[in-house]
Amino acid sequence: MRWTAAVGGTGVLLLLVLLLANAPGGGGVGDDAGEYVTADANTETGVPRAASADGSHSAQAALFHERVPTNAELEMEARTEEWWEQYSRRIARHVELLIERGDARSLHHAYLLMPSTEWFDKSRSQDPEYLEAAMQRHHQDSMEILRLARERAPDDAQLAWLEAMNCHVPAAGCDPTAAELQLALIEPNNARGALLAMDRAFNAGDVATLDAWLTRAANADYYDMRYGAAALELLEVLESIALPPMDEALRTGLLKMSGLGQDGSGSAAELSAVLVGGIAAAQNIPPFAALGQTCGAAHVTQARMARCHRVLQHLAASDTVIAHAIALPQLIQLTGDPVQRRRLQERLRRFSWVHQQAASRADLTYLLDSWRLGELVAGERLLQRRGITMPAGWLPDHPTHRSLILTGRPPPGG
C-alpha cells in the first residue's frame, strides 16, 4: 500500500504537504511523462518515497534539497509535528465515532481517514520487523472497515472500486477475482474495473483472461478514475473535523510549503485542501503496466488494435493528467488517418503546455477546480485567470512529446 509513504509518525503533515507540492498541478495524480503507458503508475508517479517509516528523512530531503536546514526551519518543522500530533488525535477520535455510527457512508469516511491515524509506536520506528507487522495490522483494520461498508452498501461503485484496488495485498483478506467481477457488475460502463482486472491477468500470464477484460474495457462507455470525486469526499470529511489552533506564522509556513499560490481564500479552506491533496496523492493509483504492454504502439497486435484504440480513446476523454499522458502519445502512433493524427498532435501540444504551466502556478482555486471539473479544465481556467496564452509554435522539452508532435513518431531509441 502506498499509504506507508504518507503516514506513521509525527512528521506526517509535513510529508503530506510535500507530497502535494511534488504532485503535478498541486495535487494531481499523474506526472508529465508519456512513458507512463509502459510503466506501473504505482511506482512512476513522481511522488517522493519515505526513506524511514515516519517520513522524516524524505520530508527533510525534499524540503531542504539535502542542504543543512536553518534553525528557523527546524523550529517550523518541530512546530508542524506538534500541530500534526494534535490533529491526528482529533482525526482518530472522529474515526472512532464514524465506526460507532456504523452506516456505509460513515464507514467509508472512516476508511478514508485511516491513513491519517497513527499506526505504530514511534519509539520502535527503527525496528523493521515491528513496522512490517504494524503495517499489516493497520491494513487489515482498514480493510475490515471497508468490508463492513461494502456489506451495508453492496451496490456502491466507489466502495467496490476501493475493495478491488486493495484486494491484491495478501493481508487484505479478500478475493481479488471476486472483487473485480463485482465491480464490473456494479459499473459496467466504466472501463476502470476492467483495466484493473486486465493488469492482474497480465501479471499472472493469463492471456485469455487479459483479452476478455480488454474487450470489456473497449465495450465500456468511458473511463473515470473518480479521483476528483474521491478527493471531494475526503474534503467533506476533513471539514467536519476542527483544525487545532495555529498562529499566522505556522499557517503561512504550511501553505508556503504546499506550493499553492495565494488567491485570497480563507485559511481553513486552504489548509483543508492542502491536507486532502496530500492524502489523495498518497492513495494507490491504478496500475497501467498491462495497458502499456498490451496496447502500447510498440507492442499492440493487429488482433487487438481496434480494442486498444477504443480503450485509449476512453482515457483521452477522461479528466486526469495521467490518463492523457498515457493515451495521447499512443493514439498519435496508432492512428492511421493523417487528419486525425494532426488533431491528436495538437492536443498533445496543448496538454503539455497547460499541464506544465498550471503545475508551476497552482493555487487553491485550481486545486478545487481540478477535483470538481477535472485537471485539464482546471488548468485551462487557471491560465485564463492569469492571462497566460500558449506562444505560437511552442513545443515541450519532453523529448518524446516533442518528437511525436513534430513527426508522429517517438525519437530514435525512445
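The values are calculated or read from the model by the stated rules, or taken from the named source; none is laboratory data. Predicted model, so just to flag it, every value in this text is computed and none were measured. All Cβ positions, even for glycine, are placed from backbone atoms using ideal geometry, and neighbour counts span all protein chains on display. Accessible surface is based on the protein model in full, side chains and every heavy atom, while ligands, DNA and RNA are left aside. Shrake-Rupley method; radii C 1.70, N 1.55, O 1.52, S 1.80 Å.
Starting at the first residue of the stretch 196-206, write each ³J(HN,Hα) from the Karplus equation 6.51 cos²θ - 1.76 cosθ + 1.60 with θ = phi - 60°, in whole Hz, x for Gly and Pro.
So the Karplus estimates, Gly and Pro as x, are 5, 5, 4, 5, 5, 5, 4, 5, 7, x, 8 Hz.
Kirkwood hydrodynamic radius for the stretch 345-414: how many Å is it when counted over pairs of different Cα atoms? The partial results should precede the final answer.
Numbers: mean 1/r = 0.0778 Å⁻¹.
This gives a value of 12.8 Å.
Please give the net charge around residue 190, taking every other residue with its beta carbon less than 10 angstrom from that of residue 190, where Lys and Arg add +1 and Asp and Glu add -1. If you can, show how the numbers build up before the last one.
Values: positive: 192, 226; negative: 187, 221, 224.
Cβ neighbours under 10 Å give a net charge of -1.
With every protein chain left in place and a probe of 1.4 Å, what is the accessible surface of residue 389, to the nearest 10 Å²?
110
Heavy-atom accessible area of residue 239 with all protein chains present, probe 1.4 Å, nearest 10 Å²?
Its accessible surface works out to 120 Å², give or take rounding.
Using the beta-carbon distance between residue 140 and residue 248 and R0 = 25 Å, what value does 1/(1 + (r/R0)^6) give for FRET efficiency, to the nearest 0.05?
Efficiency, from the Cβ-Cβ distance: 0.05.
Heavy atoms only, probe 1.4 Å: what % of the accessible area of the stretch 109-233 goes to carbon and sulfur, would you let me know?
Values: 2830 of 5530 Å².
Here it works out to 51 percent.
How much accessible area per residue does the stretch 294-367 have, in Å², with a 1.4 Å probe?
Numbers: 2760 Å² over 74 residues.
I get 37 Å² per residue for this part.
Work out Dmax and Rg for the stretch 91-218 from the C-alpha atoms and quote the Rg first, both in angstrom.
Cα-based Rg and Dmax for the stretch 91-218 come out at 16.7, 51 Å.
Kindly identify the stretch 188-262 as rounded, prolate or oblate by the Cα gyration tensor criterion: order the square roots of the eigenvalues as a ≥ b ≥ c, call it rounded if a/c is under 1.5, otherwise compare a/b with b/c, prolate if a/b is larger, else oblate.
On the way: a/c = 3.81, a/b = 3.02, b/c = 1.26.
Since a/c reaches 1.5 and a/b is larger than b/c, the shape of the stretch 188-262 is classed as prolate.
Considering amide H positions built from the backbone, and no H for Pro or chain starts, which residues 5 or more places from residue 222, or on another chain, come under 5 Å of its amide H?
191
Which sequence of 90, 226 reflects their accessible areas, 1.4 Å probe, from the largest down?
On the way: 90 65, 226 90 Å².
Reading off the accessible areas and sorting them downward yields 226, 90.
Non-local amide H neighbours of residue 363 (under 5 Å, H modeled in plane, Pro and chain starts lacking H): which ones?
Those lying under 5 Å, H to H, from residue 363 are 261.
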